[in-house]
Every structure is written in structure tokens, then in C-alpha cells.
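Written out below as C-alpha cells is the structure these notes cover.
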């Protein structure tokens, strides 16, 4: 029988004590670790790759391949190296929250967690809108008329978000199968696109001209704005660290899984983009349906149209799995903040039966529903999608500023023998983190600018600024209220 631990194992700064998982907080006899190497690789893949960005990149033409490489070098590589070192230094539940708090104190820890958590509010409807657009291709002739129907997108997003939330409330050991199935569902259509793209190229030649001129990124302002979207696509490798105490042998498993998944993510993005462009010219690709369009057009060219419904279903399923994976990961942030009393104590409680942070999951679901309707208000389906993406990029990237700054600051702390250091020691670690910080700051600035084809740019900018500003102000208010509540509790 496992050794009994008291119901609340929190150290003096409010973090879970070493070796204590969230499952231990109320049920010491429940197995603490449910995610192994395979689960973690699939988790990183489903959170690190989004098929919608392959379509977005293809719509921009061959130059996006160079931008993919630049985003990988300037953002993903610094992020992966920073996560490797920080997660091996401090493998606690909470990840980014723990690192920011240790480096800069309570307020920074809370705001990094708050902005990361709330960034998923516009993320969920955006990724589910993409899934919905692909479902239509399962019966293209009968459902095509729904492609501009806002009601269809809203209902689909509500239903799938509800299902993903329910699975994660039942438990990570159940919810992880949605993530795993989603990852597998993502690989199959990418494989289909790659194989059929090369077959079409072999038979008929490329639909896109790949030359030095066409692959050179444009420096026009509107094109530079696009770079921020592909940088955003490489985020996600920090997610599993939020669940550090629920991963088997986290210090060893996280680095190996992160490196394996990182190679997969990069290859899928670049090769997937190339093969979409082999099948379709960029002018015939749009950001909502580009990948399944490539499957449709290529399948028709090589005489195998029956593959389209399966590919459309798998693309949609992979994005629903991605939403479920982020739901699982980021719910651990308000849970730990609830233990620290920065949020109401209910956020720090576990479900009496399933031992999951159900209050955080339900709160995130409720707010996600609000953003589904706010994003759609006063605009088209595509306009809503673009606004949601911009809001998601900005609020999602603010925590990365904290992460890279913490990486620099924490170089002053001694590193134990189990810590995986950035090659080159402190100097190289600081240079890598600085590159990531600058890239993140530039990406945030570019994301403030509405898309060139947005008909109501003023309204779009107002939504982006107003939505992000409101989320930040609510976070500050919650932090101040939480500090006052904690002070009153100490006096009592």
C-alpha cells in the first residue's frame, strides 16, 4: 500500500511538493503517472501540428517553405531547448507557471499561466471551425451550401467542445485516447496528401512553379504579417510540462518525446506544404479548407475520389483531438493557481470520483462558448476565423515572453546532474532564449494588424485589442483579489 500523504501537499511558495502529483492531493492511493513515452510523443504531435497551418502556408505559395524554416530556427528551436532545460530543472506540475514564478515572483507566475490559459479560449473555436469546414467534404455535393453558414460552424464547435470537455473530466487516462486517436488521424491524411501529391507530380507535373524567385519571401508589409501565423504554428512543445507529475519518469521521458515529436512536426509542416502545392496552385487554396481541397483535387486527377470522405473525417477528428489535448494540459494551470489561492479555492479541487480538475475544465468550456459567439459577431465565417487566430496568437505568445525571460534569469541558479543543459552552457542558453524572446515580441506586434482581405478592419482591430485587453485586466483583477483572500485567510 502506498504511503499515506496528507490531503494538501504544498510547499511554502505554493507549489506541489516534489514527488506529489495532483492525484495525490486528495487520493494518495490512486496511480500518479498515466502518460508514458508513446502517449507523450502523440500528445506533442497533436499539440504541435495543426493541419490548418499547412493549408494556410500553401495559400501563401512556395515562399512559405522558407518561412517555415525561419520559424523553426528562430522560434521552435529556442523554445524546444528552453523547455528541455527548464522541465528537467523543475519537473513540477504547472510547467510554465512554475518557471515564471520561480524567476520573477507570484504576479509573473500567475499572469503567465492566466494568459496561456485564456489564449485557448479563442483557440478552441478557431481549431473547431477548421474541423467543421473539413467535415463538409465528407458529403461535398450535399453539404457544400453550409460552407458559409455561421449557424453550422457554431453548432459544430459547441458539440465537439462539449465532448472533449466531458472526456477530460472523466480522466486523463480516458481523455488521452482522444489525443492519441487525434494524432493518428492527423498522420494518415498528411500521408495521403504526400503520396498523392507525388503521384500527381509524377504523372502530370507540379501545379506550382518552385523557383528561386517564387520561394523568396516577399518583404511587403502584408506578407510579413503572415510570418507571425507560421511562427504561431510551432507552439505547443511546452504543453506536456504542465502535467509533469502525471508523466512516467518525466525527467527522462519529456526530453526524448520532445525531440522525437519535434522532428515529426517539422517534416510534416514542410513536406505537407510542398505536396499541397504540387497538387494545387496557391491561388486555389484557402486557409479554412486548403488541405482537404488538395486531397479532393489530387484524388480526382489520379482517379481515386473515394479517398476524400475518409481524409475529410480524419482531418476533422485530428483537430478535435488537438482541442481535447489543450483542454487537458492547460486545465492544470488554474488548478495549481487555485492551490496557491490566486483563484477561488474551487479551482484547486478535484472531482470526487475521477480526480480531475473539473472546475477548471468547466470554466474553460463556458468561456470557450462565449468566444465562439463573440468571434462570429458582426463578420463572416472567415472573418471570425481570422480574428480568433489573431487573438489566440497574441494571448498565447505573452507567456512565451515569460518563458524565455525565465530561461535567461534562471541561468543564475545551480543545475543538478540530471538537468539537460543547452549545448554551450549559460552563454549559449541566454543567446538562444534572447532569440526566442525577440521573435515572440515581433510576432505579437504583427498579429495586431488585421488581415488584408478583412472588410471591416476597424472592427477586427477593436475585437483583437478589446478581447486581449479585457483578458489581461481580468487576470490582474483576479490576482489582486486572490492576494487579498490569501492575506485574510492567514490573519484568520
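Read-outs: derived from the displayed coordinates by stated rules, not from any lab. Predicted model only: the values in this text are computed from it and were never measured. Cβ placement follows ideal geometry from the backbone for every residue including glycine, while neighbour counts extend to all protein chains displayed.
Which of rounded, prolate or oblate describes region 49-140 when judged by the alpha-carbon gyration tensor and an a/c cut-off of 1.5? The partial results should precede the final answer.
On the way: a/c = 3.00, a/b = 1.65, b/c = 1.82.
Judged from the Cα gyration tensor, region 49-140 comes out oblate (a/c at least 1.5, b/c at or above a/b).
Calculate the FRET efficiency for residue 459 and residue 421 from the Cβ-Cβ distance with a Förster distance of 45 Å, rounded to the nearest 0.05.
On the way: r = 48 Å, r/R0 = 1.07.
Calculated value: 0.40.
Give me the distance in nm between label points sitting 7 Å out from Cα along the Cα-to-Cβ direction at residue 260 and residue 188, one decimal.
2.1 nm
Could you give the length gained on full extension between residue 162 and residue 211, defined as 0.36 nm per residue of separation minus the Cα-Cα distance, in nm? All intermediate terms of the calculation are to be shown ahead of the outcome.
Details: separation 49, 0.36 × 49 = 17.64 nm, distance 4.61 nm.
Working it through step by step, the gained length comes to 13.0 nm.
For region 116-206, what class follows from the C-alpha gyration tensor (a ≥ b ≥ c being the square roots of its eigenvalues): rounded when a/c is under 1.5, otherwise prolate if a/b is larger than b/c, else oblate? Let's see the in-between values first.
On the way: a/c = 2.39, a/b = 1.44, b/c = 1.66.
Cα axes put region 116-206 in the oblate bin.
Let me make sure I get this right: for region 56-211, a, b and c are the square roots of the gyration tensor eigenvalues over alpha carbons, sorted descending. Under 1.5 in a/c it's rounded, otherwise prolate if a/b > b/c, else oblate. Which is it? Each step should come with its number before you reach the end.
Values: a/c = 2.17, a/b = 1.36, b/c = 1.59.
Verdict is oblate for region 56-211.
Could you work out the pair-distance distribution P(r) of region 46-484 from its alpha-carbon pairs, with 20 angstrom bin width and percents rounded to whole numbers?
Going from the shortest bin to the longest, the percentages are 26, 60, 14, 0.
Could you work out how much longer the chain between residue 351 and residue 267 gets when fully extended? Use 0.36 nm per residue separation minus the Cα distance between them, nm to one decimal.
Values: separation 84, 0.36 × 84 = 30.24 nm, distance 3.96 nm.
This chain segment gains 26.3 nm when fully extended.
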